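Written below as structure tokens is the structure these notes are about.
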């Protein structure tokens, strides 16, 4: 059962090939996504971490489909985003962030199943890992990393750090369950948001869709860099900004799931992120 009362991080030591899950109740105020990723960058800064994070709505509501990736490259902090089903698989693995640090002694593939990490050798066939229909994977195709064999990130930040850390790929399977606090209210709100396709800044098409999105737009293939603080901490799609920059909508979504956030928590988020970035820069 997914526990939303704490933030859980899957901490992965690539050099020692060890992993454990840590819970942080005091980090709920960072929501998730970019906010949480930046905080973990501050905590793990001396270890040159690569951080994947999801938000509180990922896996539960339409158009909250991206995964936040935070890293530091040449003393600059980068926050980038990738589509696909990675965010929902992380959520249903019961983890809010994955922090990868150190360097693997040999090329390795991470096979993550509900927060349990198995380190596989480089010759392992990716399609042999995980549970079909419940997994997502990031692997090289040529010189570019693809999530679910289609979605990618802008620039080559992620590819560079994968190579530096000797990571050949990651598969994550998530099968945990979650029951919203009020299922009837949740279902009603879910359908209301799903019906707001005309509020998206993209046109429907027949390309692969991110999880929780029926639109299949042509703009989702390449993720974003930076953007709106609230959107990026929820890790909602940038093209759904008309929906998820509405604090009333966001608060309703959080409340129906059972989160205990207040309007003040949402309003304080930009200041917390600014403070965290200053601390990282010291």
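Condition first: part of a loop (DSSP other than H, G, I, E, B) and either more than 19 Å from residue 234 (Cα to Cα) or more than 17 Å from the chain's Cα centre (by Cα) (or both). Now tell me which residues in the stretch 1-26 satisfy that. 1, 5, 14, 15, 16, 17 - these are the residues of the stretch 1-26 that are part of a loop (DSSP other than H, G, I, E, B) and either more than 19 Å from residue 234 (Cα to Cα) or more than 17 Å from the chain's Cα centre (by Cα) (or both). Going by what's in this entry, would residue 259 be described as in a loop (DSSP other than H, G, I, E, B) and modelled with pLDDT of 95 or more? Answer is no for this residue. Quick one: is residue 247 farther than 20 Å from residue 78 by Cα and either surrounded by 17 or more Cβ atoms within 10 Å (Cβ to Cβ) or modelled with pLDDT under 95 (or both)? Criteria met by residue 247. Being in contact (Cβ under 8 Å) with a residue 24 or more places away in the chain and within 18 Å of residue 29 (Cα to Cα) is a condition met by at least one residue of the stretch 215-229. Taking the numbered list (1) within 18 Å of residue 12 (Cα to Cα); (2) modelled with pLDDT of 95 or more in turn, residue 191 passes all entries but (1). Just one of (1) part of a loop (DSSP other than H, G, I, E, B); (2) within 18 Å of residue 194 (Cβ to Cβ); (3) without any contact (Cβ under 8 Å) to a residue 12 or more places away in the chain fails for residue 248. It is (1).
Does the stretch 48-62 hold any residues that are in a loop (DSSP other than H, G, I, E, B), crowded, with 24+ Cβ neighbours inside 10 Å and in contact with a strand residue (DSSP E or B) (Cβ under 9 Å, 6 or more places away or on another chain), and which are they?
Once the filter is applied, which keeps residues that are in a loop (DSSP other than H, G, I, E, B), crowded, with 24+ Cβ neighbours inside 10 Å and in contact with a strand residue (DSSP E or B) (Cβ under 9 Å, 6 or more places away or on another chain), the stretch 48-62 yields 49, 54, 55, 58.
Residues that are part of a loop (DSSP other than H, G, I, E, B), under 19 Å from the mean Cα position of the chain (by Cα) and under 21 Å from residue 152 (Cβ atoms): does the stretch 194-209 have at least one? Scanning the stretch 194-209 turns up at least one residue that is part of a loop (DSSP other than H, G, I, E, B), under 19 Å from the mean Cα position of the chain (by Cα) and under 21 Å from residue 152 (Cβ atoms).
The values are calculated or read from the model by the stated rules, or taken from the named source; none is laboratory data. What you see is a predicted model; the values in this text were computed from it and never measured. Because the Cβ atoms are built from the backbone with ideal geometry, glycine has one as well, and the counts that use them run over all protein chains shown.
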